[in-house]
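The structure under discussion appears below in the form of structure tokens.
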Amino acid sequence: MDRWAMAPAMLIAATGFCSIFLFRCVTAQQTNVTDPREVSALRALGTSIGLSPPWDFSVDPCSGAAGWGEDTGTNQFRRRSAIQCDCSIGSDGVCHVTRIAIVSMNVRGQIPPEIGNFPYMNDLNFQANLITGVIPDEIGLLSNMEHLTVASNRLSGPIPGTMGNLTRLLTLSLAVNNFSGTLPQEIGNLSSLTELYLDSTGLGGELPPALRNLRRLQTLNIFDNNFNGSIPDFLANMSSLQVLAMYGNKFTGPLPASLANLTNLREFLLHRELGEVSAGGSIPPSYNRLTSLTKLSLRNCQLSGFIPDLGNLTQLTHLDLSFNNLSGTIPAYLASIDSLSRLFLGSNNLTGGLPNQLSRIVDLDVSFNRLTGPFSQMSENATIIGNQFQVNRTQGQNVNAATYFQFAINCGGPQITSDGTDFNADMQSSLDGDFYSTGGWVTSSSGFAESFQDNPTWFQSIEGSAGQQAVLYQTARTAPTSLRYLGVGMRSGSYTVHLHFAEIIIGTGQDGPGVGRRYFDVFIQGDRKLKDFNIREEANGSLRALTRSFTAVNVSNGVLDIHLLWMGKGTCCAPFRSFGPLISAIQVLPEFETGGASQSENSSRGVKIGVGISVPLLVLFVVSGYLLWRKRHRKNLENDDEELKLLDGKLHMFSYNEIKNATAGFDPARLLGKGAFGKKVKKAKVFGLSGGII
């Protein structure tokens with residue numbers, strides 16, 4: 001064949017060969033590899049923290065293959081272990097790790113010093129694990145870091161001062177760990193910081209003055225720690241602040257009026273512990289300049305004086321001034337703040353009536369004040385116990401009737417029998433703070449938390465450690481802030497109160513890695529019996545039964561008050577939800593002779609009482625009660641809008657001494673027979689505590 005005839009074919013073959021060659025060359029140039037030093041650091045990190053399943057180093061980490069790449073899910077707590085790389089840095093074709101995310105993997109090891117061998121790292125996320133040990137000093141070598149979170153772990157030791165080298169940092173979250181010591185001064189070097197989360201870290205001492213340098217800071221969360229001293233005025237220099245959450249610390253002294261300079265502030269949350277606030281503090285009138293506020297919470301700060309004019313805070317949705325010593329009347333301007341949906345003024349010394357138009361408030365708590373006047377304009381969701389209101393919306397009950405001398409409650413669960421005792425059902429699922437009667441006791445939950453679980457009743461199977469009483473600990477009731485049980489119509493005398501607990505949420509798989517902490521105080525008759533009570537710590541674990549008993553509890557006014565109160569300690573959002581007070585069951589028993597009487601609950605709304613007295617006396621008692629009930633019931637039907645009044649003596653309630661005298665000291669010879677009668681009690685949402693109906 002002529003060689004020129006072969007030329008086109010040869011040219012095509014040659015062209016094809018060159019094309020393949022050039023493709024392979026380009027491909028080879030584009031196949032970048034991860035910096036070997038960073039690969040070694042990844043190996044050390046995976047081994048040190050115990051990552052399972054382990055990373056696959058048979059492929060290059062920056063290839064994105066074999067599980068190395070980041071997924072695109074939107075849930076920030078989704079389980080993942082991935083990295084991201086940048087291969088455009090420099091001209092050597094080497095890829096560098098810029099992001100590591102090891103989230104919700106339940107890793108339990110420690111952060112190795114090799115963490116400092118990622119010079120181009122800008123995002124490190126280790127949240128929601130069980131990592132222990134300290135943050136190594138080498139963390140300060142990550143000079144390009146912009147986002148760093150190690151929240152919801154079990155890290156300990158001091159915060160390394162080298163963290164001050166991360167001057168490009170925008171967000172820093174060290175929340176929910178077990179650190180010690182104080183906040184280092186070097187934190188003031190992070191002048192680019194916009195979000196700082198130090199809640200539940202274990203840090204203490206005074207806030208360092210270097211914080212004044214963080215002028216770009218928008219969110220400062222330092223709640224649930226041991227910070228002390230006065231609230232520093234230099235916080236007013238942080239003019240960009242939008243969220244300031246400081247509750248659950250040990251600050252003293254009055255509220256600084258200078259905080260009114262934080263005109264961008266949207267949320268100001270400050271709760272302090274009882275007895276640790278200087279006397280005479282009041283709400284500074286200058287706070288009326290915080291016109292951007294949507295949430296203002298100054299709960300339990302021992303504030304006194306009147307509620308000042310805050311009428312300029314027209315964007316308020318949440319105002320909590322409860323558990324203080326505020327006096328005077330409820331300001332009328334509160335009713336004109338259209339955005340206000342949650343108003344908590346309970347447990348103060350407020351007087352007078354309620355402003356009109358408050359019925360639109362979603363959550364209204366004015367309980368335990370000295371308010372008077374009509375209450376017809378309020379919604380059923382309002383919590384008004386412990387006042388002097390005249391009520392026409394629901395049936396009241398005379399708490400001084402001295403009917404009850406014991407009760408038992410299965411908190412958050414159905415009626416059960418345990419060790420021969422009937423425990424009333426307590427299954428109301430509302431969180432609106434209302435009260436209801438179940439034959440001798442009432443309950444209430446109040447407060448608000450963004451991440452609080454909607455359902456306040458819980459169920460969790462629990463075995464073994466609870467023994468025969470395990471059924472008592474399978475359910476529980478909880479609340480965002482305040483959980484109260486009141487025995488009403490109680491006989492005067494001394495009682496024993498048994499409180500049953502089991503932690504059936506934290507550490508049971510319902511709270512992520514189980515690093516959350518629940519703390520609350522327990523008050524009985526106003527006396528604090530338990531402070532910073534942690535069920536899990538006291539019981540040495542979750543799903544373990546725990547009982548705390550208190551004797552010589554005196555009742556003199558017909559009311560036995562059991563109050564569980566969150567004081568600001570404990571974790572929030574660790575990682576999913578807040579944890580308020582929790583209780584599994586309550587049993588109250590008399591320490592005095594009941595004169596042969598026995599009381600047993602036969603339903604969640606009724607009580608049976610068997611009394612060893614003569615039949616004529618029993619019949620007289622029952623008939624008199626029935627006639628009076630029928631008369632009053634008929635009158636209420638005919639005059640539904642009339643105000644309820646106290647029983648005015650038309651029905652004689654026989655005292656223990658009268659019954660004892662009539663039966664010659666309960667002489668068995670005079671016993672003609674045994675019987676029981678049931679007294680039905682309608683559900684009621686309001687009760688009085690000082691001899692009247694509210």
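FYI, it's all coordinate maths here, none of it is from the lab. Only a predicted model underlies this, so the values are computations on that prediction, with no experimental measurement involved. Using ideal geometry, Cβ is built from the backbone for each residue, glycine included, and neighbour counts are taken over all protein chains shown.
Summary table
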{"read-out": "Potential extension, ASN106-MET427 segment - 0.36 nm per residue separation minus Cα distance", "value": "112.1 nm"}
{"read-out": "Neighbourhood net charge (11 Å Cβ-Cβ; Lys/Arg +1, Asp/Glu -1) for ASN129", "value": "+3"}
{"read-out": "Amide hydrogen neighbours beyond the local backbone of ILE416, cut-off 5 Å, H modeled", "value": "PHE423"}
{"read-out": "Tensor-based shape of the stretch 143-193 (alpha-carbon gyration tensor, a/c under 1.5 rounded, otherwise prolate or oblate)", "value": "oblate"}
{"read-out": "³J(HN,Hα), Karplus 6.51/-1.76/1.60, whole Hz, each residue of the stretch 471-486, x for Gly, Pro", "value": "4, 5, 10, 7, 10, 7, 10, 9, 8, x, 10, 10, 10, 10, 10, 10"}
{"read-out": "Under the Karplus curve 6.51 cos²θ - 1.76 cosθ + 1.60, θ = phi - 60°, whole-Hz ³J(HN,Hα) for the stretch 336-344, x wherever Gly or Pro sits", "value": "9, 7, 4, 7, 5, 10, 10, 10, 10"}
{"read-out": "Three-way shape call for the stretch 229-373 based on the alpha-carbon gyration tensor, with the a/c threshold at 1.5", "value": "oblate"}
{"read-out": "Percentage relative contact order, the stretch 223-393, counting C-alpha pairs under 8 Å, at least six apart", "value": "13 percent"}
{"read-out": "Amide H partners (placed H, <5 Å) of THR34, local residues excluded", "value": "CYS62, CYS95"}
{"read-out": "Pairwise FRET efficiency - ASN226 versus SER40, Cβ, R0 = 45 Å, nearest 0.05", "value": "0.70"}
{"read-out": "Spin-label pair ARG78/SER240, simplified geometry with 7 Å Cα→Cβ offset, distance in nm", "value": "3.0 nm"}
{"read-out": "Residue order, fewest to most surrounding Cβ atoms within 10 angstrom, among ARG360, ARG108, ARG518", "value": "ARG360, ARG108, ARG518"}
{"read-out": "Cut-off 15 Å, label 7 Å out along Cα→Cβ of VAL134, residues of the stretch 88-117 by amide N", "value": "110-114"}
